[in-house]
Amino acid sequence: MFDDTSTAGALRTYVLDTAPVLALRLDQQTRVAGANAQARRVLGEQVIGRSLEEIAPNCCGASRLEAILRSGDRVHMLSFDTSSGMPESLYFRFFGLPDGWLALGSVDLQEQQKIFGQLLALNSDLRAAKRLLRRGLAS
């Protein structure tokens, strides 16, 4: 279905430039050799050259990392250090390549929705506190 060159090229461009998918190319030592635009936005431009253990420090020791990389099509939730400075849970699949791995990831939408809800609640609390302060200053 996607065998022709123009379709493959369009898919490649979409994944690399605009898709809401994090794509990391890892070398044999699990260092990031390449990252698409979304991965660089979420993980920071400095992600290139860093090891998976550096950018996802809570994910694993060496033995767990090996198991994750060899697990094929299983999805793994990993906590990454992001460019915002906040850790974020991301879902990744790892695909073996002759010279390393392709890691494809996505954000945890439930976590984002939860954080957004908390932000809205805090904003509402802040507005209420502001009203109380104005009333107190007016009297």
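Among the residues of the stretch 28-57, write down those that are assigned to a loop (DSSP other than H, G, I, E, B) and exposed (fewer than 11 other Cβ atoms within 10 Å of the Cβ). Explain how you work it out, then say what you get.
To start, the set of residues in the stretch 28-57 that are assigned to a loop (DSSP other than H, G, I, E, B) comprises 28-30, 36, 44, 48-50, 56-57.
Within the stretch 28-57, 29, 49 meet the criteria.
Within the stretch 30-59, residues that are more than 19 Å from residue 93 (Cβ to Cβ) and not assigned by TED's automatic domain parsing to the domain that holds residue 92 have Cβ atoms under 7 Å from residues that are assigned to a helix (DSSP H, G or I) and at pLDDT 95 or above in no pair, counting only partners at least 6 apart in sequence or on another chain. Across the stretch 47-88, the number of residues qualifying as in contact with a helix residue (DSSP H, G or I) (Cβ under 9 Å, 6 or more places away or on another chain) and at pLDDT 90 or above comes to 3.
If I ask for residues that are of a type in the set (S, T, N, Q) and over 9 Å from the mean Cα position of the chain (by Cα), which ones from the stretch 62-111 would you list?
Applying the first criterion (of a type in the set (S, T, N, Q)) to the stretch 62-111 yields 63, 71, 79, 82-84, 89, 106, 110.
63, 71, 83, 84, 110, listed by residue number.
Pairs meeting the criteria (first residue in the stretch 1-27 and assigned by TED's automatic domain parsing to the domain that holds residue 81 and outside any strand (DSSP E or B), second residue at pLDDT 80 or above and charged (D, E, K, R), beta carbons under 7 Å, at least 6 apart or on different chains) are lacking.
Residue count for the stretch 95-139 under the criterion of being of a type in the set (S, T, N, Q), outside any helix (DSSP H, G or I) and under 26 Å from residue 36 (Cβ atoms): the result is 1.
The values are calculated or read from the model by the stated rules, or taken from the named source; none is laboratory data. As the structure is a computational prediction, the values presented were derived from the model and not from experiment. Glycine gets a Cβ as well: all are built from the backbone with ideal geometry, and neighbour counts include every protein chain shown.
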